[in-house]
Amino acid sequence: MASSSPLFRPLRVRSLELANRIVMSPMTRSYSIDGVPGDDVAAYYRRRAEGGTGLIVTEGVAVDHPTAVDNPRVPRMHGAAALAGWRRVVDEVHAAGGRIVPQLWHVGPLWGAMSAVDPALKPMRPSGSWGTPGVTSYSADYVARASRPTEAMTEQDIADVISAYARGAAAAAEVGFDGIALHGGHGYLLDSFLWEGTNTRTDAWGGDLERRTRFPAAVVEAVRAEIGDDLPIVFRFSQHKQQNYTARIAETPDELKVILGALVEAGVDILDASIRRFDTPAFEGSDLSLAGWAKQLTGVTTMAVGSVGIGKSLRESRISGSAPVDDNIPELERRLGSGEFDLIAVGRLHLADPALATTLRAGGPLPAFDREIHEASLT
């Protein structure tokens, strides 16, 4: 690959300086015992920094709320031991010349999807609903349990969660992270306010699209107030939900502009458009990707993701046990070079090859990806 490739152009967003446009996408690992990232976690991220990746976005990290995540092996961003663990991670990545941001996470309506939970605890759901029926990979048993209505979030619940995000962001900044990422897609809590399937409120937090955007925007505002002006905020959004793969938060570009515009006004610097394939058209009548529309509608830095170098969807790969290499790098370079989006996040190939950025700079070949490689790379 030529050194003039748009993949290897530097980028600056607030105080964050990146050597290239390649990002390690967030991927849940469940290797942090009792929520504390250990030396193995630090080594895992350091290997990707040593491999030349411009920016690492960590796996989802629990904010300080009782129902933020339902797996005790998911890392958290609270407690002395966990923060000390993250400080080791950050130090290791920085020592290798990398940059890293944590993806703060609250699973919201999907509380109980990963493991058994305390039934006495209340899942955070805007209106008490798990979501409208649709195509999902969850088992029928879990869907039946999750679909039982629960109590809607109260004003106190909303205030408590906003505060939890703010505390998590402040802790991450204190640890030394280079920015803050918020998971606002895939049907999790922030996204569940945006989606009509989970937000049927009629108060100030629901109703029309502007009011459904108010909660995630309030979280962004609280995070910005805590971390100040230097660190960038990355916000992941999606059309699809885990509850319903065909769901959408915006049927038109104008609707998407309402959502993204409010988030940017609240303090978002980088919009992370999550989709299964980075080059899939987002709306009829245009070949612009979701990240491309985000860029066109807001003018801020945007990040694409989805099946870079992979010929099958993640679901298809899981079924077959492997995914063939797909040489879509030229198309990626074309879109990146034209300014359609600014960053490209890569997940599975970063598992298969920790030095993926170096491999791409050298012209390949792209690594294969299968279950054995996946399992080996997580440890």
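The values are calculated or read from the model by the stated rules, or taken from the named source; none is laboratory data. Keep in mind the model is a prediction, meaning the values are calculated, not measured. Positions of Cβ are generated from backbone atoms using ideal geometry, with glycine treated the same way; all protein chains shown enter the neighbour counts. Just so you know, the surface numbers come from the protein's heavy atoms only, side chains and all, with ligands and any DNA or RNA stripped out. Shrake-Rupley method; radii C 1.70, N 1.55, O 1.52, S 1.80 Å.
Among the residues making up region 67-85, those that are open to solvent by less than 10 Å² (accessible area, probe 1.4 Å) and touching a helix residue (DSSP H, G or I) at 6+ places or on another chain (Cβ under 6 Å) are Pro75, Met77, Ala82.
Return a yes/no flag: does region 99-106 have any residue that is in contact with a Phe, Trp or Tyr (Cβ under 7 Å, 6 or more places away or on another chain) and either in a helix (DSSP H, G or I) or surrounded by fewer than 23 Cβ atoms within 10 Å (Cβ to Cβ) (or both). No: region 99-106 contains no residue that is in contact with a Phe, Trp or Tyr (Cβ under 7 Å, 6 or more places away or on another chain) and either in a helix (DSSP H, G or I) or surrounded by fewer than 23 Cβ atoms within 10 Å (Cβ to Cβ) (or both). Consider region 283-299 and keep the residues that are outside any loop (DSSP other than H, G, I, E, B), open to solvent by 30 Å² or more (accessible area, probe 1.4 Å) and not polar (S, T, N, Q). The one that is nearest to Arg145 (Cα to Cα) is Trp293. Among the candidates Thr302, Thr280, the residue that is among the β-branched types (Val, Ile, Thr) and part of a strand (DSSP E or B) is uniquely Thr302. Annotation: Arg88 fulfils all but one of (1) among the basic types (Lys, Arg); (2) open to solvent by less than 50 Å² (accessible area, probe 1.4 Å); (3) over 25 Å from Asp269 (Cα atoms); the unmet one is (2).
Residues His350, His374: which one is surrounded by 13 or more Cβ atoms within 10 Å (Cβ to Cβ) and at pLDDT below 90?
His374
What do you reckon, is Ala120 assigned to a loop (DSSP other than H, G, I, E, B) and either of a type in the set (Asp, Glu) or surrounded by fewer than 16 Cβ atoms within 10 Å (Cβ to Cβ) (or both)? Judged against the criteria, Ala120 is a match.
Please go through region 20-77 and give me each residue that is in a helix (DSSP H, G or I) and within 24 Å of Leu360 (Cα to Cα), ordered by number. Across region 20-77, the qualifying residues are Ala42, Ala43, Tyr44, Tyr45, Arg46, Arg47, Arg48, Ala49, Glu50.
Among residues of region 299-311 that are closer than 12 Å to Arg276 by Cβ, those with a beta-carbon under 9 Å from a residue that is among the acidic types (Asp, Glu) and surrounded by fewer than 24 Cβ atoms within 10 Å (Cβ to Cβ) at least six positions away or on a different chain give the pairs Ala304/Asp279; Ala304/Glu340; Ala304/Asp342; Gly306/Asp279; Ser307/Asp279; Ser307/Asp326; Val308/Asp326; Ile310/Asp326. Within region 130-170, the residues that satisfy the criterion of being at pLDDT 95 or above and open to solvent by 20 Å² or more (accessible area, probe 1.4 Å) are Glu151, Ala152, Thr154, Glu155, Gln156, Asp157, Ala159, Asp160, Ile162, Ser163, Arg167, Ala170.
Evaluating Leu182 against the criteria (1) open to solvent by 50 Å² or more (accessible area, probe 1.4 Å); (2) under 26 Å from Thr58 (Cβ atoms) leaves one unmet condition, (1). Can you tell me which residue in region 8-53 is nearest to Val101 (Cα to Cα), limited to those that are of a type in the set (S, T, N, Q) and open to solvent by less than 30 Å² (accessible area, probe 1.4 Å)? My answer is Ser25.
For the structure I just gave you, tell me whether Glu331 is closer than 30 Å to Arg73 by Cβ and either open to solvent by 30 Å² or more (accessible area, probe 1.4 Å) or modelled with pLDDT of 95 or more (or both).
Considered against the rule, which asks whether it is closer than 30 Å to Arg73 by Cβ and either open to solvent by 30 Å² or more (accessible area, probe 1.4 Å) or modelled with pLDDT of 95 or more (or both), Glu331 comes out as no.
From the residues in region 240-277 that are outside any loop (DSSP other than H, G, I, E, B) and of a type in the set (D, E, K, R), which one is most open to solvent (accessible area, probe 1.4 Å)?
Applying the filter and picking the extreme gives Glu265.
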